[in-house]
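This report refers to the structure that appears directly beneath it.
What follows draws every value from the coordinates through simple rules; no lab data is involved. Values in this document were obtained by computation on a predicted structure and should not be read as measured data. Positions of Cβ are backbone-derived with ideal geometry, glycine not excepted, and every protein chain shown enters the neighbour counts.
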């Protein structure tokens, strides 16, 4: 699957000892655990990625130690795969060629926060960054449902959006990442600072073309976010409510998630608020917008069954932890045969495309919508739950969506370009050629590099 593998002649004991005071993990169970992510959400990836793990894990504490590890790997031609918290779903951090997993969790400092911007190390957890920012009246613009555990470096390298995307779009949208520092994998590793549009060379590149050691991220004004669950008699009413709420620019919101029944039945802890057979919307709305939000709920005939103030919402389980891909996690804990898709529907205020797919697939593909901004417009994306039978049938479902105008970011491939990008980003490939000439970084994940080598 890859063009690079760890040298068969290497003495791993000697290699491990060459890192001196830098922490090295050798215990097999820990190495295997730190070589995995949540790829098991996909039955396709379960088969393809089973049995891959690193030869050892190295855990640097600062940029100087990262440079030392990079240089040793280059000298010995040992593959290196960077890891954040391992909360990805596509095998982004699984070392297909063995070698070293570089665990950056110890580089977790929030270096500074200024009005509208923060500087953090790659292992800083999103929740910790958010707490530091909110002390100054600012907050993270967006975060995935793994908000408490995910790291900023991992989110930038392997994520795309989350709560907050209804206002700020996705990570690769211009202005959502100010700058990064990157360590190269050359004979003499360098530290490069990328700013502005140049950050796209490593943004969402799975760590295939540079080791991120510092990030400068823009922030948004902090609001007191209230949480609510609103239930509706039918899914399309709930979906149209979500679309109108998203387009109500005077209402401050951070999350708009809509579920068709029976998806809400998988959320055991929330069953008192989710009547059988009802569609549900999970939302985060600024407390200052609550009155106008309530009027919108009444306009669509919804019923608020669950409400938490901003102060209470920060305690216990967060509502976002039932949305985005946490929905898949909860559903699979009940029914492990379920898998999922990632879909973006074309802009249509009437949601005709959503309704078509909802009715066409029925109980085989269960609707789960996440509303976000795409090119300035509010569009429904979906992380539908799929009742998996065979890979052929899964591919038929994907093709039907694509043939009928929906965009599928395929979560059943570990190749960067075959997921959401759909084409080779030659800027990223060319940058890899400059900074990783031996192809040691996360081998086998960038199709453009494999084709270039071939």
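Counting alpha carbon pairs within less than 8 Å and at least 6 residues apart, what relative contact order, in whole percent, applies to the chain?
17 percent
Take every Cα-Cα pair in the stretch 1-64 and report what % of them are more than 16 Å apart. Mind showing how you got there, number by number?
Values: 1212 of 2016 pairs.
Every Cα pair in the stretch 1-64 considered, those over 16 Å come to 60 percent.
What percent antiparallel are the DSSP beta bridges of the stretch 12-103, to the nearest 5? Write out the running numbers ahead of the final one.
Numbers: 3 of 10 bridges.
So the antiparallel bridges in the stretch 12-103 amount to around 30 percent.
Mind ordering 263-271, 46-54 by average Cβ neighbours within 10 Å, highest first? Walk me through the intermediate numbers first.
Working: 263-271: 17.4, 46-54: 15.7.
Going by the mean number of other Cβ atoms within 10 Å, highest first, we get 263-271, 46-54.
Relative to the longest principal axis of the C-alpha atoms of the chain, give the angle of the C-alpha long axis of helix 391-403, reported between 0 and 90° and rounded to the nearest 10°.
Long axis of 391-403 versus the principal axis of the chain: about 60 degrees.
To one decimal place, what Kirkwood hydrodynamic radius in Å is obtained for the stretch 220-318 from all pairs of distinct Cα atoms?
On the way: mean 1/r = 0.0738 Å⁻¹.
Value: 13.6 Å, from the Cα pair sum.
Given only helices, namely DSSP H runs of n ≥ 4 each adding -39500 (n - 2.57), what is the per-residue ellipticity at 222 nm of the chain, to the nearest 500 deg cm²/dmol? Present the calculation step by step, with values, prior to reporting the outcome.
Values: 15 runs with 130 residues, N = 454.
The per-residue figure over the chain is -8000 deg cm²/dmol.
P(r) for the chain: what percent of alpha-carbon pairs falls in each 10 Å bin, starting at zero?
4, 21, 30, 25, 14, 4, 0, 0
Using 5 Å bins from zero, what percent of all Cα-Cα pairs in the stretch 81-231 falls into each bin?
2, 10, 19, 24, 21, 12, 7, 3, 2, 0, 0, 0
Given all pairs of different Cα atoms, what value in angstroms does the Kirkwood hydrodynamic radius of the stretch 225-408 take? It would help to have the intermediate numbers written out before the result.
Numbers: mean 1/r = 0.0603 Å⁻¹.
The answer is 16.6 Å.
Could you tell me the extents of the stretch 341-382's C-alpha atoms along the three principal axes, largest first, rounded to whole Å?
Principal axes ranked by extent give 32, 19, 10 Å for the Cα atoms.
For the stretch 12-103, calculate the relative contact order in percent as a whole number, restricting contacts to Cα pairs under 8 Å that are 6 or more residues apart. Display every interim value, and only then the final one.
Details: 147 pairs, mean separation 35.3, N = 92.
For the stretch 12-103, the relative contact order is 38 percent.
Calculate how steeply helix 426-435 sits against the longest principal axis of the alpha-carbon atoms of the chain, using the helix alpha-carbon long axis, and give the answer as 0 to 90 degrees to the nearest 10.
Orientation of helix 426-435: about 30 degrees from the principal axis.
Eigenvalues of the Cα gyration tensor times 5, then square-rooted: what semi-axes does that give for the stretch 12-103, in whole angstrom, largest first?
Numbers: eigenvalues 118, 31, 25 Å².
Semi-axes (√(5λ), whole Å): 24, 13, 11.
Give me the Kirkwood hydrodynamic radius of the stretch 324-454 in Å, from all C-alpha pairs, to one decimal place? Don't skip to the answer; put the middle values down first.
Details: mean 1/r = 0.0604 Å⁻¹.
About 16.5 Å, per the Kirkwood formula over Cα pairs.
What's the angle, to the nearest 10 degrees (0 to 90), between helix 290-299's Cα axis and the longest principal axis of the chain?
Around 60 degrees separate the two axes.
On alpha-carbon atoms, Rg over Rh for the stretch 187-230 using Kirkwood Rh? Numbers along the way, then the final one.
Numbers: Rg = 16.9 Å, Rh = 14.0 Å.
Result: Rg/Rh = 1.21.
Count the DSSP beta bridges whose two residues both fall in the chain, then state the antiparallel fraction as a percent rounded to the nearest 5. Walk me through the intermediate numbers first.
Details: 63 of 71 bridges.
Taking every DSSP beta bridge with both residues in the chain, the antiparallel ones total about 90 percent.
Restricting to Cα pairs below 8 Å that are 6+ residues apart, what does the relative contact order work out to for the stretch 225-408? Please round to a whole percent. If you can, show how the numbers build up before the last one.
Working: 333 pairs, mean separation 47.7, N = 184.
In percent, rounded to a whole number, it is 26.
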